[in-house]
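Enquirer: Take this structure first; my questions come after.
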Amino acid sequence: MLDKDTVTEILTSSKNFIHHIGLDGPDGSVDRRKLKKFGEVVGFAEQILKAADTLLRGDNTVFLECSCGKSYLSFVLNHIISNTYKTRTFFFGVDINKSLVEKCEQISSALGYKNMQFVHGRTINFQPDGTVPEGLYQGKVDVVIALHACDTATDEAIAKGIKLGAKYIMVVPCCQNQIRSQLRFSHPLISLTEFGVLRYRFADILTEALRSQFLVGAGYHVELMEVVPPKLSPKNILISARKTKGRGKRGMKQYLELSKIFKTRFKLQDFFPELSRELN
Ligand SMILES: C[S@@+](CC[C@H](N)C(=O)[O-])C[C@H]1O[C@@H](n2cnc3c(N)ncnc32)[C@H](O)[C@@H]1O
């Protein structure tokens, strides 16, 4: 299995690659100003490669990067996997910013990749555009990933992953605005959340707990970890979910308990009207 140092070594040994994905500085190595993003991408890529190692030893693995932006993560994974694994891969990227989607297409063709497709639109509405080379995509997405998808865009990535039946859903969230304002109102820990800084931090924890419990309820085994030290980036929590057989006995019980305690209205559940009886 590849560790962080090996991933870094593979990436930095190709100045051409670093240049094309736009992380290079004047001397061709990683730009000092982009070391934070580089560290986050490497730390996240390491965990994806670790989690999906068995999958990557199979024939064909399909990734979907939600809110891909410049798609650093997909380009890095594609570079690493094509250099170290025998599996064929296909990468979809989706983003609401059309110019970034076009930029990703340009980078992909400059690097000579034939296994990437970037789609303009909201994550939740993502559909492949039907021009994927035959054999590379058979209507299933194995791994859904998202790095710093703003606020509820992370919930879209999780919802999309569940709906697609992805084997792995791995997200490193960004800002957690939706819950913060809701914590102003009555709940048992109001004396904790009346202080701005503590409300801010507690909202982060509660948001990731709600997402994780929702994934558990949807039939995933969930682990949380830090992809980089908090000193490098405070937005460093990875929710790593692996699909299990069935939805398990407890279903959404824990998720519901948590949202009842804090009286939260959480965006993620809005993507599942079919669960409204269970969730309300
Ligand atoms: C903070 S950037 C992160 C970009 C990239 N993942 C990275 O780490 O460099 C957030 C991205 O999410 C995109 N975005 C926001 N809401 C979205 C949605 N609902 N569906 C798809 N993309 C979205 C934005 O256009 C932006 O490119």
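Enquirer: Using modelled backbone amide H atoms (1.01 Å from N, in-plane), which distant-in-sequence or interchain residues come within less than 5 Å of V62's amide H?
Expert: Close amide H contacts, sequence-distant or interchain: F90, D142, V143.
Enquirer: Can I ask one more? Dimensions of the stretch 95-237 along principal axes (Cα, Å, largest first)?
Expert: 58, 31, 27
Enquirer: Which Cα, out of T131, T264, L49, lies furthest along the positive dipole direction of the chain (beta carbon charges, K/R +1, D/E -1)?
Expert: T264
Enquirer: Most fluctuating residue of P234, P26, P173 in a GNM of the chain with Cα springs under 10 Å: which is it?
Expert: Fluctuation is largest for P26.
Enquirer: For the stretch 27-131, take N as its residue count and report Rg(C-alpha) divided by 2.2 N^0.38 Å.
Expert: Normalised Cα radius of gyration, the stretch 27-131: 1.08.
Enquirer: In nm², what is the average projected area of the convex hull enclosing the Cα atoms of the stretch 1-65?
Expert: Numbers: hull surface 20.0 nm².
Mean shadow area of the hull around the Cα atoms is 5.0 nm².
Enquirer: Also, quick follow-up: In angstroms, what radius of gyration and Dmax does the chain have, counting Cα atoms only?
Expert: 19.1, 59
Enquirer: What are the ³J(HN,Hα) couplings of the stretch 86-100, residue after residue, when phi is run through the Karplus curve with 6.51, -1.76, 1.60 and θ = phi - 60°? Round to Hz, x for glycine and proline.
Expert: With coefficients 6.51, -1.76 and 1.60, one gets 8, 4, 8, 10, 9, 10, 9, x, 9, 7, 7, 8, 4, 5, 5 Hz.
Enquirer: Once you've got the Cα coordinates, tell me which of K4/K114; K4/K86; K37/K245; K50/K114; K98/K160; K50/K231 are over 28 Å apart.
Expert: The answer is K37/K245.
Enquirer: Sorted by packing (mean other beta-carbon atoms within 10 Å per residue), highest first, where do 181-194, 86-99, 67-80, 6-19 land?
Expert: 67-80, 86-99, 6-19, 181-194
Enquirer: Rounded to the nearest 5, what is the percent of antiparallel bridges among the DSSP beta bridges in the chain?
Expert: 40
Enquirer: What is the angle, in °, between the Cα long axis of helix 196-217 and the longest principal axis of the Cα atoms in the chain? Nearest 10 is fine, range 0 to 90.
Expert: That works out to roughly 80 degrees.
Enquirer: Hey, what do the phi angles of the stretch 261-269 turn into as Karplus ³J(HN,Hα) couplings, whole Hz, using 6.51/-1.76/1.60 and θ = phi - 60°, x for Gly and Pro?
Expert: 4, 9, 6, 8, 10, 9, 4, 3, 6
Enquirer: Quick check on packing: order 216-222, 100-106, 110-116 by the mean number of other C-beta atoms within 10 Å, highest mean leading.
Expert: Result, highest mean Cβ count within 10 Å first: 216-222, 100-106, 110-116.
Enquirer: Find the centroid of the Cα atoms in the stretch 206-246 and in the stretch 39-86, then give the distance between the two in whole Å.
Expert: 17
Enquirer: Also, quick follow-up: Cut-off under 12 Å on the C-alpha distance; same-chain residues fewer than 8 positions from K34 excluded. Which aspartates and glutamates are left, in chain and number order?
Expert: Those aspartates and glutamates meeting the cut-off are D24.
Read-outs throughout are calculated quantities, based only on the coordinates presented, and are distinct from any laboratory measurement. Keep in mind the model is a prediction, meaning the values are calculated, not measured. Here the Cβ is made from the backbone with ideal geometry for all residues, glycine too, and neighbour counts use every protein chain on show.
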